[in-house]
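**Q** This structure is in structure tokens; I'll ask about it shortly.
The values are calculated or read from the model by the stated rules, or taken from the named source; none is laboratory data. Worth saying up front: this structure is predicted, and the values here are computed from it rather than measured. In this analysis, Cβ positions are derived from the backbone assuming ideal geometry, glycine residues included, and neighbour counts consider all displayed protein chains. We work out accessible area using only protein heavy atoms, side chains counted, and drop any ligands, DNA or RNA first. Shrake-Rupley method; radii C 1.70, N 1.55, O 1.52, S 1.80 Å.
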Amino acid sequence: MTEVVFTGFPGFIASQLVQKHAQQSEAISVIILSSERSKAEKEAKRIEKETDCRPIKLIEGDITKKGLGLADIDKNYLEEKEVTFWHLAAIYDLAVPRNLAWKVNVEGTRNVNKFISELPDLKRYVYFSTAYVAGNREGTIYEDELKRPQAFKNYYEETKFEAELLVDMMKETVPVTIIRPGIVRGHSVTGETIKFDGPYFFLNMIDRLKFLPIVPFIGRSKSLINVVPIDYILNASIYLSKSESAVGQTVHLTDPNPHPVEEVYRSMVKSMTGKNPKGRLPHGLAKLSLSIAPVRKRLGVEKETLAYLTWSADFDTQNAQKLLAGSGIDCADFLETMPSMVQFYNLHKKDKNFQISID
């Protein structure tokens with residue numbers, strides 16, 4: 001039986017992927033930081049209880065170390081198995097400092113690449129990148145391109161680009177599939193998520209401004225925003241991990257029918273306040289305001305988020321559509337499923353466990 005191995009557990013996407021595999025009675029190992037052991041044990045027990053699966057094997061390690069910091073007994077265990085290896089461990093924070101992002105996202109991936117290249121029986125290597133390796137490139141971004149942009153909007157994008165370059169070079173020697181998700185939100189039906197980042201920053205802001213007579217638009221934008229529900233990411237990536245046609249492929253798991261930023265923002269304001277936004281706060285003034293720490297903390301918004309409101313690019317999904325054809329796996333419409341997202345947010349917005357610390 002194939003051993004399905006994950007980095008990034010007990011993070012949101014990795015945990016959901018583990019649960020999906022557990023439902024299919026697969027053998028699962030997760031490589032965890034020792035500092036995350038308590039949290040990982042709790043999450044593993046929850047999954048085991050809910051799915052009645054076999055025990056999830058917890059392996060302590062550290063991707064920033066050679067050999068992933070694994071004990072010999074754990075390294076030998078994995079070398080004796082047929083392995084499907086999912087690499088999701090990364091720092092996803094848009095405000096991450098460059099040195100930390102480089103250590104985890106780039107050097108960590110370099111170490112994972114070396115480790116999996118030495119496994120005797122590797123069935124598949126699934127690497128989670130991001131569609132935003134495109135940096136500040138504009139126009140149509142294609143799945144078979146990995147062009148260095150003139151600039152990146154933050155160090156997260158830069159280090160994920162550098163990491164994907166390393167994985168892309170593995171295509172000639174190992175069976176790799178590269179997944180590039182868009183901005184991930186909660187479940188399209190239940191709205192469930194474990195943290196309020198990405199599009200939830202705007203829900204934070206709207207919630208904290210709704211006492212005002214009006215909630216304004218932020219600047220003026222003709223850009224599209226690409227937000228995808230977690231259930232699409234899970235179902236599509238698992239399907240691709242088992243598809244021979246996806247070997248050697250890079251796939252945009254982005255919304256093939258994204259909506260304009262202003263349309264999404266209007267829907268958010270309407271859902272949160274019952275009223276449409278009115279007036280406009282100039283983009284420059286919003287950027288200046290969010291450069292002030294007490295303001296961004298009060299509003300619950302990272303200043304790096306604003307860069308995505310006026311970025312004009314769209315992600316081509318021809319490869320994804322071709323590979324997923326006949327699977328019945330589709331990306332739910334963002335506006336149609338907005339109510340479940342807002343409902344879940346309103347239920348949990350006062351729970352600090354869901355909120356991201358804003359510096």
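**Q** For the chain, with every protein chain kept in place, what is the accessible area per residue (1.4 Å probe, Å²)? Intermediate results must be reported in sequence, preceding the final value.
**A** On the way: 16320 Å² over 359 residues.
Counting only protein heavy atoms, the per-residue value for the chain is 45 Å².
**Q** Can you tell me the dipole magnitude for the stretch 185-225 around its Cα centre, using point charges on the Cβ only (Lys, Arg +1; Asp, Glu -1), in Debye to the nearest 20?
**A** Working: 6 positive and 3 negative charges, 41 e Å.
That gives the stretch 185-225 a dipole magnitude of about 200 debye.
**Q** Hey, got the dipole for the chain? About the Cα centre, +1 on K and R Cβ, -1 on D and E Cβ, debye to the nearest 20? Numbers along the way, then the final one.
**A** On the way: 47 positive and 46 negative charges, 349 e Å.
Dipole of the chain, to the nearest 20 debye: 1680 debye.
**Q** A further question on this structure: Taking the Cα centre of each part, how many Å lie between the stretch 192-239 and the stretch 5-75?
**A** If we compute the Cα centre of each part, the gap is 29 Å.
**Q** If one computes P(r) from the Cα atoms of the stretch 305-355, what percent of pairs lie at distances over 17 Å? Please list the in-between numbers first.
**A** Details: 843 of 1275 pairs.
When every Cα pair of the stretch 305-355 is considered, 66 percent fall beyond 17 Å.
**Q** Can I ask one more? So how much slack lies between residue 98 and residue 266, counting 0.36 nm per residue of separation and subtracting their Cα-Cα distance, in nm? Spell out each step's value before the answer.
**A** Details: separation 168, 0.36 × 168 = 60.48 nm, distance 3.39 nm.
Result: 57.1 nm gained on full extension.
**Q** Report the per residue volume, in Å³, of the convex hull enclosing the C-alpha atoms of the stretch 244-287.
**A** Roughly 137 Å³ of hull volume per residue.
**Q** Where does each of 334-342, 200-208 land if you order them by average Cβ count within 10 Å, highest first?
**A** Working: 334-342: 18.2, 200-208: 21.2.
Taking the mean over residues of other Cβ atoms within 10 Å, the ranking is 200-208, 334-342.
**Q** Using the scaling law 2.2 N^0.38 Å as the reference, what is the normalised Cα Rg of the chain?
**A** Numbers: Rg = 20.3 Å, N = 359, 2.2 N^0.38 = 20.6 Å.
In units of the globular-protein estimate, the chain measures up at 0.99.
**Q** Give the separation of the Cα centroids, the stretch 77-98 to the stretch 254-319, in Å.
**A** Result: 30 Å between the Cα centres.
**Q** Here's another thing I want to ask about it. Could you go through the stretch 46-54 in sequence order and give the Karplus-derived ³J(HN,Hα) for each residue, using 6.51 cos²θ - 1.76 cosθ + 1.60 with θ = phi - 60°, rounded to whole Hz, and x for Gly and Pro?
**A** Result, ordered by residue: 4, 5, 4, 5, 6, 10, 6, 8, 5 Hz.
**Q** Express in nm, to one decimal, how much length is gained between residue 82 and residue 327 on full extension, taking 0.36 nm for each residue of separation and deducting their alpha carbon distance. Can you show the working numbers first?
**A** On the way: separation 245, 0.36 × 245 = 88.20 nm, distance 2.55 nm.
85.6 nm is the gain from fully extending residue 82 to residue 327.
**Q** Where does each of 160, 195 land when they are ordered by accessible area, with a 1.4 Å probe and the largest first?
**A** Values: 160 5, 195 75 Å².
Solvent-accessible surface, decreasing: 195, 160.
**Q** Mind checking the log10 I(q)/I(0) for the stretch 206-311 at q = 0.12, 0.17, 0.20, 0.22 Å⁻¹? Debye, one equal scatterer per Cα, no solvent, two decimals.
**A** For the stretch 206-311 at q = 0.12, 0.17, 0.20, 0.22 Å⁻¹, log10 I(q)/I(0) is -0.55, -0.88, -1.08, -1.22.
**Q** To check you understand DSSP bridge types, tell me what percent of the beta bridges within the chain (both residues inside) are antiparallel, rounded to 5.
**A** Values: 2 of 38 bridges.
So the antiparallel bridges amount to about 5 percent of the total.
**Q** Quick query: amide H of residue 177 versus all other amide H atoms, modeled in the peptide plane; which residues come in under 5 Å with a sequence gap of 5 or more or a different chain?
**A** Placed amide hydrogens put 125, 126, 127, 248 under 5 Å from residue 177.
**Q** Per q in 0.10, 0.14 1/Å, what log10 I(q)/I(0) does a Debye calculation on the alpha-carbon atoms of the stretch 38-197 return?
**A** -0.44, -0.86
**Q** At 7 Å along Cα-to-Cβ for each site, give me the label-to-label distance between residue 287 and residue 343 in nm.
**A** Spacing of the two 7 Å Cα→Cβ label points: 3.9 nm.
**Q** Accessible area of residue 25, 1.4 Å probe, to the nearest 10 Å²?
**A** 70 Å²
**Q** Something else: Going 7 Å from the Cα of residue 138 toward and past its Cβ, which residues in the stretch 198-233 have a backbone nitrogen under 18 Å from where you end up?
**A** Residues 219-226 fall inside that zone.
**Q** May I ask for the net charge around residue 296, where only other residues with Cβ less than 12 Å from the Cβ of residue 296 are counted and Lys, Arg are +1 while Asp, Glu are -1? Don't skip to the end; give the middle numbers.
**A** Numbers: positive: 208, 287, 297, 298, 303; negative: 302, 304, 359.
Net of charged neighbours comes to +2.
**Q** I would also like to ask the following. Relative to the longest principal axis of the C-alpha atoms of the chain, give the angle of the C-alpha long axis of helix 338-348, reported between 0 and 90° and rounded to the nearest 10°.
**A** Approximately 80 degrees, to the nearest ten.
**Q** Here's another thing I want to ask about it. For the stretch 194-333, compute the number of Lys pairs whose alpha carbons are separated by less than 13 Å, excluding pairs fewer than 8 positions apart on the same chain. Provide the component values of the computation, followed by the final result.
**A** Numbers: 210/270; 210/275; 210/278; 270/278; 287/303.
Counting lysine pairs in the stretch 194-333 gives 5.
**Q** Over the Cα atoms of the stretch 263-354, how large are the radius of gyration and the largest Cα-Cα distance (Dmax), in Å?
**A** When restricted to the Cα atoms of the stretch 263-354, Rg and Dmax are 17.2, 50 Å.
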